[in-house]
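Below you'll find the structure, written out as structure tokens, and then a few comments.
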Amino acid sequence: MPSTLQLLRQYESRNVTFIEADGSWPIIWERAKGMRVWDAAGKSYLDFTAAFGVVAAGHANPRVVRAGQRQLARLPHAMGDVHPHALKAELAQALSRLTFGRWRRTGRIKAVAGGKTVFGNSGFEAVEVALKTAMLATGKPGVVAFHGAYHGLGYGALNATHRECFRSPFRKQLAEFAEFVDFPAQPEQLPGMERVLRRLLKTKAIGAVLVEPIQGRGGMRVPPETFLPRLRQLCDASGTLLILDEIYTGFGRTGRWFACEHSRVVPDLICLGKGLTGGFPLSACVGRAELMDAAWPAATGEAIHTSTFLGNPVGCAMALAEIEEIRRQDLPRHSERLGRVFLYLLQTLAARFAVIREVRGQGLMVGVEFADAPGMSAGALCLRLVKRLLRAGYLVLPDGARGEVLAFTPPLIVSETQLRRLCGALAQALVAEGQVSA
């Protein structure tokens, strides 16, 4: 019988799954539970990716799984924008309460009647809903995005995704309505970013500013705390909408329910996905209710933005259970506490190994950036470390424009012991790669 990798080589587009010629990459996932993943050969791995940041409450969380199983047996599919099911309404209410409703109660905004949602399947769909909302609300097609931004690869979102490898093959089909400015990873970059942004807001038909509170795929880049408040002020002064892409940073990942809460900034629209369901394809764009009502016309029987699987019942059931699990276990607080421990452990490593250029992150969204080593680029070293850690039983991924950042986004249930084990394994991998102590 052909192996999984043989079948993929034969039947999947060759651009999707990277397969090493010697078969050392990838592993074939067989099952997962909590922090652990088992491959087809039965080997166990500690997962420090949370499967792209999805399993916030752990792989196969029992309460989330049961919610999905019950719903799958009862009603696996409904009719999106025609004949609704109860859980879609319940989840829309829950997201309103968790975002604009909660922000209103804490005094961060006034006279806001909660939020209203449009559901999608993947994160980029939530971004495209936000872009459409901005166009409808302002009549202005332009969007300001940031260097290093990743907002997904659908044709709408791709206009605001910065990395050239994703954009260049399709440039002839892109409207290219986005203007890009520098993402201020350091405080001294803020004034230059602000000058360029002010000019764009004055001279271009800009309807929205779209930003990740922390750039994930861009290399776990954390801006100064004053960044989002300044964007909020500039947007308010120019009548521009502020869209926060919290697909990666949401649901406790950074030590708050949403990363914008660190700086007490409330967006006009927030894009959610990944950790929303713990494993089912579902996303959401939640906007201020007044804005959503002003932008989108009332339904007349033909929705102008919809999809076959909009608000799928199984996904809604799992999302409600996942949100409750995050709340029940107080995972945002756990993420904040262990994130501080993790940064300390990694900074201790940085003091030992000169090849570590910087350790940065917030909560359990952490990156280690490497410098070029003698005879080896930072990206090449990072990839070798990823493979060494895989052989040692740890799942991690590279990020950054050159793949120079080792990214860590474990399930929020990770323990301090597991963090210490990972750091020990990373130290061993660095030594094995010939990296000497500083």
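The values are calculated or read from the model by the stated rules, or taken from the named source; none is laboratory data. The model shown is predicted, which means the values in this text are computed figures rather than measured ones. Ideal geometry is used to build each Cβ from the backbone, glycine not excepted, and the neighbour counts take in all protein chains shown. Remember, those area values only see protein heavy atoms, side chains included, never the ligands or the DNA or RNA. Shrake-Rupley method; radii C 1.70, N 1.55, O 1.52, S 1.80 Å.
Rounded to the nearest whole Å², what accessible area per residue is found for region 161-212 with the 1.4 Å probe?
Values: 2930 Å² over 52 residues.
For region 161-212, the per-residue accessible area is 56 Å².
Between region 127-150 and region 1-75, what is the C-alpha centre distance in whole Å?
Here the two parts' Cα centres lie 33 Å apart.
With the cut-off at 17 Å, report for region 289-360 the share of all Cα pairs above it, as a whole percent.
Result for the distance tail: 71 percent.
Put one equal scatterer on each alpha carbon of region 147-306, apply the Debye formula with no solvent term, and list log10 I(q)/I(0) at q = 0.14, 0.21 1/Å to two decimals.
Each listed q corresponds, in turn, to -0.78, -1.66.
For region 1-149, what is the per residue volume of the convex hull drawn over the alpha-carbon atoms, in cubic angstrom?
Numbers: hull volume 36.0 nm³, N = 149.
Enclosed volume per residue, from the Cα hull, is 241 Å³.
Taking the highest mean first, how do the peptides 1-7, 397-403, 345-351 order by number of other beta carbon atoms within 10 angstrom per residue?
397-403, 345-351, 1-7
From zero outward in steps of 10 Å, how is the percent of C-alpha pairs of the chain spread across the bins?
Spelled out per bin, shortest first, that is 4, 20, 31, 28, 14, 3, 0.
Between residue 377 and residue 188, what's the calculated FRET efficiency when r is the beta-carbon distance and R0 is 30 Å? Round to 0.05.
0.70
Run the 1.4 Å probe and let me know the accessible area of residue 83, rounded to the nearest 10 Å².
120 Å²
My understanding is that a pair violates if its Cα-Cα distance is over 22 Å; which of 43/274; 43/387; 274/387; 88/274; 33/88; 140/202 do that in this structure?
43/274; 274/387; 33/88
So which GluC sites (Glu not before Pro) in region 236-325 pass both tests, a DSSP loop state and at most 12 other Cβ atoms within 10 Å of the Cβ?
Listed in order of number, the matching sites are 302.
What residue among 11, 248, 394 has the largest mean-square fluctuation in a Gaussian network model of the chain, using Cα springs under 10 Å?
Comparing 11, 248, 394 in a Gaussian network model of the chain, the most mobile one is 11.
How far is it, in nm, from the label point at residue 72 to the one at residue 303 when both lie 7 Å from their Cα along the line to the Cβ?
2.4 nm
Which semi-axis lengths, in whole Å and largest first, follow from the square roots of five times the eigenvalues of the Cα gyration tensor of region 59-108?
For region 59-108, the semi-axes come out at 27, 18, 6 Å.
Give me the net charge for the shell around residue 370: Cβ to Cβ below 12 angstrom, other residues only, Lys and Arg +1, Asp and Glu -1.
-3
Kindly list the residues of region 166-185 that lie in the label zone of residue 238, defined by a backbone N under 19 Å from the point 7 Å along the Cα-to-C-beta vector.
From region 166-185, the list is 176-185.
Estimate the FRET efficiency between residue 18 and residue 52 by the formula 1/(1 + (r/R0)^6), using the beta-carbon distance for r and 22 Å for R0, to the nearest 0.05. Working shown, then result.
Numbers: r = 15 Å, r/R0 = 0.69.
FRET efficiency, residue 18 to residue 52: 0.90.
From the C-alpha coordinates alone, can you work out the Kirkwood hydrodynamic radius of region 390-438, in Å?
For region 390-438, inverting the mean 1/r across all distinct Cα pairs yields 12.2 Å.
Computed over the Cα atoms, what is the radius of gyration of region 230-362 divided by 2.2 N^0.38 Å, N being its residue count?
So the Cα radius of gyration is 1.33 times the expected 2.2 N^0.38 Å.
Rank by packing, highest mean first: peptides 313-319, 73-79, 132-138, with packing defined as the count of other Cβ atoms within 10 Å averaged across residues. List each step's numbers first, then the result.
Working: 313-319: 26.4, 73-79: 12.4, 132-138: 20.7.
So the peptides 313-319, 73-79, 132-138, ranked by packing, come out 313-319, 132-138, 73-79.
Just from its helices, what would the mean residue ellipticity at 222 nm be for the chain, if runs of 4 or more DSSP H residues each count -39500 (n - 2.57) and the sum is divided by every residue, rounded to the nearest 500 deg cm²/dmol? It would help to have the intermediate numbers written out before the result.
Details: 15 runs with 167 residues, N = 438.
Mean residue ellipticity at 222 nm (helix-derived): -11500 deg cm²/dmol.
Can you give the accessible area of residue 384 in Å² (nearest 10), computed on protein heavy atoms with a 1.4 Å probe?
110 Å²
Pop the C-beta distance of residue 264 and residue 86 into the FRET formula with R0 = 60 Å and round what comes out to the nearest 0.05.
That gives a FRET efficiency of 0.95.
Pick from 231, 241, 210: which residue has the top mean-square fluctuation in a GNM of the chain where Cα pairs under 10 Å get a spring?
Fluctuation is largest for 231.
What is the percent carbon and sulfur in the accessible area of the chain, measuring with a 1.4 Å probe over the protein chains and ignoring ligands?
Roughly 54 percent of what the probe reaches on the chain is carbon or sulfur.
Could you give the C-alpha radius of gyration of region 15-97 expressed as a fraction of 2.2 N^0.38 Å, taking N as the number of residues it contains?
Computed over Cα atoms of region 15-97, the ratio equals 1.50.
So, for region 225-329, what is the accessible surface per residue at a probe of 1.4 Å, expressed in square angstrom?
So region 225-329 comes to 34 Å² accessible per residue, rounded to a whole number.
Give me the distance between the Cα centres of region 369-417 and region 312-342, rounded to whole Å.
Here the answer is 25 Å between Cα centres.
Could you tell me the relative contact order of the chain? Use alpha-carbon pairs under 8 Å, at least six residues apart, and round to a whole percent.
Relative contact order, the chain: 21 percent.
Label residue 25 and residue 1 with points 7 Å out from Cα along Cα→Cβ: what is the distance between them in nm?
Here the modelled spin labels are 2.8 nm apart.
Given a 1.4 Å probe, how much area per residue of region 11-120 is accessible, in Å²? Present the calculation step by step, with values, prior to reporting the outcome.
Numbers: 6270 Å² over 110 residues.
I get 57 Å² per residue for this part.
Given the chain, what percent of its DSSP beta bridges are antiparallel, to the nearest 5?
Details: 34 of 50 bridges.
If we restrict to bridges inside the chain, about 70 percent are antiparallel.
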